[in-house]
Each structure stands twice: as C-alpha cells, then as structure tokens.
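One structure below.
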Amino acid sequence: YIRCIKPNMKKVPVIMEHIPTIEQLRCAGVVAAVTLSRSAFPNRIDNSVVRFRFASQWDPNATPSKRNSSMTAQQGDKADIEAILTHALRDKEIKNDKGEVVKAFVVGKTKTYFRAGALEYLEANRLENGLDAPATVIQKYARRWIVIHSWADRMRAAKDNERKKKEEEERKKAEAAKKRAEAAKKAQMEEAARMKAEKKRKEKEAAERKKKEEEERKRQEELEEQRALEKEEKAFAKELKKMKEEVKELEKDLSAKEKANNKKVKKAEEEIESIEAERLTLEEKHNEIMREAAKIDKAEITQSRKKIEESDKIIAYLRKENKKVRDQTEKMKDDLQELKEQNNRLIEANASAGASLDSLEKQKKNIATHNSKLDDNLKKWKSQNSQLKADLENRTAYYKAETRIRGEYEKAMEKIIEIMEAKCDDAKLIEDVSNAQMQCEAIAAQKGGGL
C-alpha cells in the first residue's frame with residue numbers, strides 16, 4: 001500500500017518534522033498495519049521455493065518426513081517442508097502460557113508463512129553452514145567418479161594435449177614465420193613507399209632548386225641589363241655633354257663670326273656711304289668742272305676728262321669691291337641662318353635627350369626598386385634554404401637514431417620470443433607477445449615511412 005506523507009507543515013524541502021510525520025502515519029493506520037503484520041506472519045514464500053532453498057539444512061534421520069505414496073505431490077512437498085523447517089527452526093520454537101509448543105512457521109497448501117525473525121534466521125544458517133555439507137558430499141562423489149573413470153582419459157588427454165601442444169607450437173611458429181614474412185613484406189612495401197616519397201621529395205626539391213636557379217639567372221640577367229642601361233646612360237650622358245660643349249663652341253664661333261660679319265658689314269656700309277658721298281662730291285665737282293670746262297680750253301678739258309675717267313675707274317673698282325663685300329655679307333647671313341637652324345636642331349635634340357634622360361631616370365628608379373625587392377627575396381630565400389637544411393639535418397639524425405633503435409628493439413624482441421618459445425608453456429602468452437611485436441613493428445615502420 002502507498003501513503004502520501006508531508007515531512008513538514010511548511011511544505012519546504014530538506015526539512016523533516018518527526019512528530020507530525022508519525023501522527024500522519026498513525027492516523028492513516030500504517031503503524032497499526034505494520035504492527036499487526038509483524039505480530040503474526042510478516043514473511044511468506046512459495047512451498048517449492050522453501051523446499052529447494054532450505055533442504056540443505058534438513059537431517060532426514062533426525063527429523064523424518066511424513067511423506068508416503070498415497071500423498072499427492074503438493075501434500076508430499078508440504079510434509080517435506082514440515083520436516084525441513086521443524087529441524088531448521090527448532091531453536092525458534094517457544095511455549096505459550098498453556099505449555100504448548102508454538103512453531104516459528106505455518107505451512108499452507110501453496111505458501112509457507114514465517115513469524116518475525118524466522119526467515120532471517122534460515123537465511124543466515126543457509127549462508128554460514130548450510131551449504132558446506134552438500135558441497136562436500138558433491139565433491140566427494142565427483143572426485144571418486146573422476147578418479148575411477150578419468151585415468152585412461154587423462155592419459156589419452158595428456159597425449160592429445162602433448163600432440164596438440166606440438167601442433168599448436170608448430171602452427172604458431174608457422175604463423176609467426178608467416179607474420180614475420182608479411183611484416184617483412186609490409187616493411188619492404190613501406191620502405192618502397194618511403195623511397196618513392198623520398199624520390200618525390202627530392203624531385204620537388206630539385207624543381208624548387210631549379211626554379212630558384214632560374215629566378216637567380218633572371219635576376220642576374222636583369223642586373224646585367226641594368227648595368228648595360230647604366231652604361232648606355234653614362235655613354236649617352238657623355239655624348240650629350242660633348243654635344244652640349246660642341247653647341248656651346250659653335251654658338252661662341254657663331255657669335256664671334258656674327259660680330260665680325262657685323263663689323264665688316266658696318267665697315268663696308270661706311271665705306272659705301274663714304275664712296276657714295278665722294279661720288280656725289282665728284283659728280284658735283286664734275287658738273288662744276290663741266291660748267292667751268294665750257295669756260296676753259298680743250299687741253300684742260302682733256303686733262304679733266306682723263307681725271308674723270310680715272311675717277312670712273314676708281315668708282316667701278318669700288319663698286320666691284322662693294323659688290324664683293326655685299327656677296328660676302330649675304331653668304332655670311334646664309335651661314336648664320338644655317339648655324340641658327342643647326343642650333344635649333346641641337347636645342348631640340350637636347351630637349352629630346354632631356355626627356356630620354358628623364359625616362360631613363362624613371363626606368364633606373366624602377367629597376368633599383370625591383371633590384372631591392374629581388375635582394376630582399378634573395379635574403380629571404382637564403383634564410384629559408386638554411387632553415388630547410390637545418391631541418392633536413394635534424395630529420396636525418398632523428399631518422400638514423402630511430403632506425404638504430406628500431407633494429408635493436410627488433411633484435412631484443414626476437415631474442416625474447418625465442419626464449420619464450422623455448423621455455424614458456426603458455427601458447428596464448430607467446431601468441432599475444434608475437435602479435436604485440438608485429439603491431440610495434442608496424443607502428444615503427446609507419447613512423448619510419450613518415451620520417
């Protein structure tokens with residue numbers, strides 16, 4: 001039965017008020033029900049269970065059963081249980097006020113009822129000393145039967161065990177040899193895989209080294225191109241400087257020649273002006289002489305004509321000289337114009353050379369920036385290459401040490417297995433050790449392949 005009890009009147013957890021709780025149990029009739037149950041037969045078990053469970057505590061000679069052939073199976077079980085419990089619970093029997101013996105149990109048709117403490121007493125005796133006697137009897141008869149019937153069987157079994165042991169040893173040796181062969185084959189395959197991986201790694205390193213060499217070659221070519229450009233720039237700058245000096249010299253010569261020509265032209269113009277003035281003067285004199293000649297005689301006229309002819313010759317000569325001077329002046333003007341045109345061409349060439357120099361300067365700056373980047377990359381590659389070399393040396397040393405340790409370990413394990421096969425009779429242990437060795441070798445081979 002189930003009753004709901006309030007542990008406290010405040011209806012909060014983790015608080016137990018004993019008096020209200022007991023009052024609730026008393027008012028619900030639980031205390032009375034338990035008291036009543038304990039005062040009569042609190043424990044009950046099926047008859048079949050009682051007979052099977054407590055038969056070991058029965059001595060049929062001391063307390064015989066009332067079973068007979070006329071009884072049914074249920075009645076016979078009841079008679080047996082009466083005898084069993086009477087013998088087992090004789091210490092629990094009490095006498096009432098009338099002097100009657102009151103037993104600690106009552107056997108019904110299907111169930112057996114126990115008074116308070118009776119079932120606990122039976123269970124305690126059953127566990128302490130109720131099972132030893134039956135076990136001893138069973139062991140006695142079992143050992144007797146084994147001794148009688150098992151001598152030949154033991155001999156045959158010993159021979160069979162010896163033969164099986166030999167077969168098992170041979171089988172284990174064959175399996176161990178097979179496993180070693182498989183392990184060796186697996187190790188060879190792993191070694192081949194490792195060699196293949198090593199080959200791929202070397203090919204990759206060769207490709208990277210070739211790539212770095214190609215980049216270094218390109219960088220050297222770029223440096224050579226830069227040097228060639230710098231050399232061309234220097235030659236061009238030298239040629240430009242030379243051309244500028246020649247232009248300056250030509251300008252100086254042109255200026256000097258222009259000044260000399262201007263002086264000559266000015267002098268020639270002055271001479272022409274003086275000659276023209278002299279001619280005008282001579283013409284005036286000539287007119288005046290002609291006017292006077294009309295007054296003078298022919299001899300004087302003839303003399304004057306001779307003088308005039310001589311003057312005309314002088315004037316013609318002066319005119320020729322003036323013409324030569326003018327021709328020279330025109331020629332000098334043409335030379336001056338040609339020099340001016342050449343000077344303009346030199347100025348344009350100088351401007352173009354300046355633009356080319358600016359372009360070359362920009363290209364020089366770009367090449368210098370690119371070279372600085374290449375130098376930085378080269379330093380970084382050299383650092384990475386040195387680090388890779390150090391890592392390779394460390395991995396090589398680690399791999400060699402691992403290989404040496406693995407060889408020593410394999411030798412030690414082989415010696416251990418040989419000793420165990422020679423001296424140990426436990427085939428299961430040998431097989432476990434062999435399997436452990438195979439697993440360790442496989443793990444070591446995998447690590448070796450990873451290295």
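Applying a threshold of 22 Å to the alpha-carbon distances of LYS248/LYS324; LYS140/LYS164; LYS248/LYS340 flags LYS248/LYS324; LYS140/LYS164 as lying beyond it. Cross-link partners of LYS379 among lysines, defined as those whose alpha carbon lies under 19 angstrom from its own and excluding same-chain residues fewer than eight positions apart: LYS210, LYS211, LYS212, LYS218, LYS389. Each Lys or Arg adds one and each Asp or Glu subtracts one; over the other residues with Cβ under 15 Å from the Cβ of THR21, this totals +3. Kirkwood Rh, Cα Rg: Rg to Rh for the stretch 118-192? Ratio of gyration radius to Kirkwood radius for the stretch 118-192: 1.49. The stretch 313-342 and the stretch 176-232 have Cα centres separated by 85 Å. Considering only LEU250, ALA235, MET155, the residue lying farthest towards the positive end of the dipole of the stretch 118-263 is MET155, judged by Cα position with unit charges set on Cβ. Excluding residues on the same chain fewer than 8 positions from LYS186, give the lysines whose Cα lies under 22 Å from its Cα. Output for LYS186: LYS172, LYS173, LYS178, LYS196, LYS199, LYS200, LYS400, LYS411, LYS415, LYS447.
The residues of the stretch 181-244 present an accessible area of 83 Å² per residue when probed at 1.4 Å with all protein chains retained. Take the Cα coordinates of the stretch 58-118, assign each an equal point scatterer, and use the Debye formula without solvent to give log10 I(q)/I(0) at q = 0.30 Å⁻¹. After summing over all Cα pairs, the log10 values are -1.23. Given +1 at the Cβ of Lys and Arg, -1 at the Cβ of Asp and Glu and no other charges, the dipole of the stretch 1-148 around its Cα centre is 340 debye to the nearest 20. List the aspartates and glutamates whose alpha-carbon lies under 15 Å from that of LYS109, not counting same-chain residues fewer than 8 positions away? Partners within reach: ASP46, ASP77, ASP80, GLU82. Computed over the alpha-carbon pairs of the stretch 25-94, the distance histogram in 5 Å steps reads 3, 15, 19, 19, 13, 10, 8, 7, 4, 2, 0 percent, short to long.
Placing unit charges on the Cβ atoms only, positive for Lys and Arg and negative for Asp and Glu, gives the stretch 115-196 a dipole magnitude near 640 debye about its Cα centre.
The values are calculated or read from the model by the stated rules, or taken from the named source; none is laboratory data. Every value quoted in this text rests on a predicted model; they were computed, and no experiment measured them. Cβ coordinates were reconstructed from backbone atoms using ideal geometry, including for glycine residues, and neighbour counts include every protein chain displayed. Accessible surface areas use protein heavy atoms only, side chains included; no ligands, DNA or RNA. Shrake-Rupley method; radii C 1.70, N 1.55, O 1.52, S 1.80 Å.
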